[in-house]
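Right, one structure below, let's go through it.
The values are calculated or read from the model by the stated rules, or taken from the named source; none is laboratory data. Keep in mind that this is a model prediction, so the values were computed, not measured. Note that each Cβ is placed from the backbone with ideal geometry, even for glycine, and that neighbours are counted across all protein chains shown.
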Amino acid sequence: MPDDTTYAQRDDRPAESRRVRLGRTFDEDAEPYDRARPGYPPELYDDLAELAGVRPGSRVLEAGCGTGRATVPPAGRGCRITAVEAGPRMAAVARRNLAGAGAVDAEVVTAEFESWPLPEEPFDAVVSATAFHWIDPAVRTAGAADVLRPGGALAVVRTQHVRGGTEEFFAEARRCYERFDPDTRPGLRPPAAADVEGSDHAEEAARNGRFGPTVLRRHERDPMYTTSGHLELLLTYSNHRALPEAAGNGLLECVAGPIDGRYGGRVTKRYLIELAVSRGR
């Protein structure tokens, strides 16, 4: 479930209530989410094999699978996957995508990771692709440690918007956010990929005490979006969905104008995808 950090600044309401409230919005439009959200590069799955030991026959627990963007490729590589997804619509799309890909040893469980009864049989790896931050921080790392075999891996993927792509457009779009989204900090810009600090997951895993050092691997991607594709993408972000209807419609109209006009109906967006792998002790 890709991250919702955009060039709009998050508000300062209590973290837990905001996390729970916004997390529920993803399930409202699972089909557009599945169409609009970018997948992950093949290199990421090579990294999972190298760093986390996710190979054919590996028993993998995925926490927060969304519509299965990061579930289908490992299933296609022969992993045995149990995927947990809180949203029933998201889970249904994930099951459909797995079936369409011919996955024979993958199941999707509709449940919240925090309250799901963890199986007794240990897993070789726990994977969470741009979803770990939506899970209660009081239980997510400990819960992963509880189900891993000795030496098993916790692999957390983070997706972040960074500077690049059609930069002039995003500078213009920032002004639309400042106009229509009161949570936008004036002048906020995405960081350069080189300036993005390492995942805070490493600190969380170290505090847990049941994992060794965290290893990071990063990739950048530049998918292209048409005007309609970019607007559909924006509507999958929880902070956009949380806007009042008038503000949300005004924001989309403001963003669409430059794409259709000065940028010929197409813009490119740069993502930084970070994999953080922590091996159990």
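The table below lists the values:
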{"read-out": "Among residues of region 81-121, those that are among the hydroxyl-bearing types (Ser, Thr, Tyr) and part of a helix (DSSP H, G or I), counted", "value": "0"}
{"read-out": "Flag if residue 159 is among the polar types (S, T, N, Q) and closer than 20 Å to residue 40 by Cα", "value": "yes"}
{"read-out": "Filtered residue count, region 213-228, keeping only those that are crowded, with 17+ Cβ neighbours inside 10 Å and part of a helix (DSSP H, G or I)", "value": "1"}
{"read-out": "Search result, residues across region 188-212 that are in contact with a Phe, Trp or Tyr (Cβ under 9 Å, 6 or more places away or on another chain) and in a loop (DSSP other than H, G, I, E, B)", "value": "188, 189, 190"}
{"read-out": "Residue match in region 38-57 (condition: touching a helix residue (DSSP H, G or I) at 6+ places or on another chain (Cβ under 9 Å), among the small types (Gly, Ala, Ser), part of a loop (DSSP other than H, G, I, E, B) and modelled with pLDDT of 95 or more)", "value": "no"}
{"read-out": "Positions within region 209-248 being of a type in the set (Phe, Trp, Tyr) and at positive phi, in sequence order", "value": "none"}
{"read-out": "Odd one out for residue 266, checked against (1) of a type in the set (D, E, K, R); (2) modelled with pLDDT under 95; (3) more than 30 Å from residue 147 (Cα to Cα)", "value": "(2)"}
{"read-out": "Candidates 125, 155, 138, 142 - the one that is closer than 20 Å to residue 204 by Cβ, in a loop (DSSP other than H, G, I, E, B) and hydrophobic (A, V, I, L, M, F, W, C)", "value": "138"}
{"read-out": "Criterion: among the hydrophobic types (A, V, I, L, M, F, W, C) and touching a helix residue (DSSP H, G or I) at 6+ places or on another chain (Cβ under 6 Å) - qualifying residue of 126, 157", "value": "126"}
{"read-out": "Among (1) in contact with a Leu (Cβ under 6 Å, 6 or more places away or on another chain); (2) among the β-branched types (Val, Ile, Thr); (3) more than 30 Å from residue 48 (Cβ to Cβ) - the single one residue 162 does not satisfy", "value": "(3)"}
{"read-out": "Residue 57 surrounded by fewer than 23 Cβ atoms within 10 Å (Cβ to Cβ) and without any contact (Cβ under 8 Å) to a residue 40 or more places away in the chain", "value": "yes"}
{"read-out": "Any hit, region 207-223, residues being more than 30 Å from residue 125 (Cα to Cα) and not acidic (Asp, Glu)", "value": "no"}
{"read-out": "Count - residues of region 229-264 that are part of a loop (DSSP other than H, G, I, E, B), farther than 17 Å from residue 173 by Cα and of a type in the set (D, E, K, R)", "value": "0"}
